[in-house]
Amino acid sequence: MTPGYTHMKAVRSVGPVCGADDGPLTRITEDPHCVTCPDCPDLAEIEAMPDDATSGGPEIINVLRAARSGQWRKVDGVVLDMSTANVILTVYEAAGEAGRAKLVALPIAKMAAVCWRIVGQHST
């Protein structure tokens with residue numbers, strides 16, 4: 001029998017950081033020195049980053065502006081890159097007050113998906 005992988009435990013889910021299923025030959029550990037999964041060590045660093053903001057708050061726009069300038073930010077466990085932050089802020093700045101309030105109230109993953117869809121419709 002071949003040895004299985006040892007995965008690092010994710011903070012926001014019950015499974016491993018890498019998202020692999022917990023099969024019969026795998027086990028999950030909180031000790032970063034026991035990790036033998038090739039994907040977990042890199043993802044564990046991202047998982048350990050503290051959140052800069054939470055969805056639904058007004059400070060999320062400032063976090064998005066920092067991300068747009070090239071600084072990675074994490075909101076509700078989602079790491080934001082420069083292009084996603086730029087798309088969200090482009091839609092936010094073009095929207096009226098009611099649209100801005102609705103956009104800021106969305107969870108960050110939904111906010112990004114909606115904004116990418118809007119920008120994608122106007123780019124053709």
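The values are calculated or read from the model by the stated rules, or taken from the named source; none is laboratory data. Keep in mind that this is a model prediction, so the values were computed, not measured. For neighbour counting, all protein chains shown are included, and Cβ atoms are generated from backbone atoms with ideal geometry for every residue, glycine included. Side chains are part of the model used for accessible areas, which takes the heavy atoms of the whole protein and leaves out ligands, DNA and RNA. Shrake-Rupley method; radii C 1.70, N 1.55, O 1.52, S 1.80 Å.
With respect to A20, determine if the residue is out of contact with any Gly (no Cβ under 7 Å at 6 or more places or on another chain), under 20 Å from L80 (Cβ atoms) and not polar (S, T, N, Q). Don't jump to the end; show me each part of the working.
Details: out of contact with any Gly (no Cβ under 7 Å at 6 or more places or on another chain): yes; under 20 Å from L80 (Cβ atoms): no; not polar (S, T, N, Q): yes.
No: the conditions fail for A20.
Any chance you could count how many residues in the stretch 46-76 are assigned to a strand (DSSP E or B) and either at pLDDT 80 or above or under 12 Å from M111 (Cα atoms) (or both)?
Within the stretch 46-76, the subset assigned to a strand (DSSP E or B) is 53, 73-75.
Retained after the next criterion (residues that are either at pLDDT 80 or above or under 12 Å from M111 (Cα atoms) (or both)): 73-75.
The total comes to 3.
Among the helices (runs of 4 or more DSSP H) lying completely within the stretch 77-124, list those that include at least 1 residues that are touching a Gly at 6+ places or on another chain (Cβ under 6 Å).
On the way: elements: 82-94, 97-105, 108-122.
Ranges flagged: 82-94, 97-105.
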Legend entry - Hits in the stretch 2-37 (condition: of a type in the set (A, V, I, L, M) and either at pLDDT 80 or above or closer than 21 Å to G77 by Cα (or both)): M8, A10, V11, V14, V17, A20, I28, V35
Inset, instruction - List every residue pair whose Cβ atoms lie under 6 Å apart, where the two residues are 6 or more positions apart in sequence or sit on different chains, the first residue falls within the stretch 19-34 and is open to solvent by 60 Å² or more (accessible area, probe 1.4 Å), and the second residue, located anywhere, is modelled with pLDDT under 80. - result: L25/G4
Legend entry - Selection count, the stretch 67-91, where residues are farther than 11 Å from A112 by Cα, touching a Lys or Arg at 6+ places or on another chain (Cβ under 7 Å) and open to solvent by 20 Å² or more (accessible area, probe 1.4 Å): 2
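Regarding C40, is this residue within 30 Å of H7 (Cα to Cα) and without any contact (Cβ under 8 Å) to a residue 40 or more places away in the chain?
On the way: within 30 Å of H7 (Cα to Cα): yes; without any contact (Cβ under 8 Å) to a residue 40 or more places away in the chain: yes.
Taking the combined requirement at face value, the residue satisfies it.
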Inset, instruction - Name, by its number, the condition in (1) out of contact with any strand residue (DSSP E or B) (no Cβ under 7 Å at 6 or more places or on another chain); (2) open to solvent by 60 Å² or more (accessible area, probe 1.4 Å); (3) of a type outside the set (D, E, K, R); (4) closer than 28 Å to G120 by Cβ that does not hold for P41. - result: (4)
Inset, instruction - Give me a count of the residues in the stretch 92-124 that are open to solvent by 50 Å² or more (accessible area, probe 1.4 Å) and without any contact (Cβ under 8 Å) to a residue 12 or more places away in the chain. - result: 13
